[in-house]
1. If the Cβ limit is 9 Å and pairs must be 6+ apart or interchain, which residue in the stretch 165-180 that is at negative phi and exposed (fewer than 14 other Cβ atoms within 10 Å of the Cβ) pairs with which residue that is acidic (Asp, Glu) and assigned to a strand (DSSP E or B)?
2. Scan the stretch 94-121 residue by residue and report those that are within 27 Å of the chain's Cα centre (by Cα), within 20 Å of Ser162 (Cα to Cα) and not in a loop (DSSP other than H, G, I, E, B).
3. Mind checking which residues of the stretch 28-37 are open to solvent by 80 Å² or more (accessible area, probe 1.4 Å) and of a type in the set (Val, Ile, Thr)?
4. Would you say Leu47 is of a type in the set (A, V, I, L, M, F, W, C), open to solvent by less than 80 Å² (accessible area, probe 1.4 Å) and under 18 Å from Leu137 (Cα atoms)?
5. Exactly one of these conditions fails for Ser40: (1) closer than 30 Å to Ser129 by Cβ; (2) hydroxyl-bearing (Ser, Thr, Tyr); (3) more than 19 Å from the chain's Cα centre (by Cα); (4) open to solvent by 30 Å² or more (accessible area, probe 1.4 Å). Give me its number.
6. Are any residues in the stretch 54-93 modelled with pLDDT of 85 or more, over 15 Å from Met186 (Cβ atoms) and part of a loop (DSSP other than H, G, I, E, B), and if so, which ones?
7. Criterion first (in a loop (DSSP other than H, G, I, E, B), modelled with pLDDT of 65 or more and over 30 Å from Ile180 (Cα atoms)) does Gly18 satisfy it?
8. Being among the basic types (Lys, Arg) and surrounded by 15 or more Cβ atoms within 10 Å (Cβ to Cβ) is the filter here, so list the residues in the stretch 65-120 that pass it.
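The values are calculated or read from the model by the stated rules, or taken from the named source; none is laboratory data. For clarity, every value in this text was computed on a predicted model and none was experimentally measured. Every residue, glycine as well, gets a Cβ built from its backbone with ideal geometry; the counts of neighbours run over all protein chains shown. SASA here: full protein model, heavy atoms, side chains in, ligands and nucleic acids out. Shrake-Rupley method; radii C 1.70, N 1.55, O 1.52, S 1.80 Å.
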Amino acid sequence: MQKSKIKINYGVAVSPAGGFTVVELLVSMAIFVILVGIVSGIFINSLRIQRAVISLMATNDNSSLVLESIARDIRTGSNFCISDFITGNCISGDIGNSFRFNNAKGGESIYRLNASEKSIQKSDDLGASFERLTSSLVDVQIFEVRLVDSQFLSSFGEEWPSRVSLFMRVGSKDPKLTGIFTDLQMTTSARNFE
């Protein structure tokens, strides 16, 4: 007696060679292309965000360095006053975007906002020439100086040195980062009493 073999087909199409059908290959390739496109888009977007963050960090670092440099000069300076942007001469008032004082080297320093270049500048030769302190990539929107002189502070009964507060609003000159600004503030006083 011979046994007969019964084949049961469960609805699975099997090609004679045992491989994949063309339809299965097309579907798997389409899924693969879609996944690669999504991953590539995420990767490119993360690179753009990383460049923007690096640019903003460089802007903040440069601005903080400029503020610290000014603070170092202020701590060893005396005779602070708000100055005229053009002439550098002292004017009345305690708020402005340019100020001058006697520095530790025996000369006079002038710090100012150059609105056309959107930069902070410094002069050590009575305003004859100014050097740029902020990077060319930094967009300085606001530079404001507020002075509280020693005479006002002494009216409270004790002798106090002059106090200088600096306010800056900075951003990047990168066209992709327009409208993103950081506000910085620093207050310091002279170490020597006037």
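1. Partner pairs satisfying both residue conditions: Thr178/Asp139.
2. Matches in the stretch 94-121: Ile95, Gly96, Ser98, Phe99, Arg100, Ser109, Ile110, Tyr111, Arg112.
3. Matches in the stretch 28-37: Ile31, Val33, Ile34.
4. So Leu47 fails the test.
5. Checking Ser40 against (1) closer than 30 Å to Ser129 by Cβ; (2) hydroxyl-bearing (Ser, Thr, Tyr); (3) more than 19 Å from the chain's Cα centre (by Cα); (4) open to solvent by 30 Å² or more (accessible area, probe 1.4 Å), the one that fails is (1).
6. Within the stretch 54-93, Thr76 is the sole residue that qualifies.
7. yes
8. Once the filter is applied, which keeps residues that are among the basic types (Lys, Arg) and surrounded by 15 or more Cβ atoms within 10 Å (Cβ to Cβ), the stretch 65-120 yields Arg75, Arg100, Arg112, Lys118.
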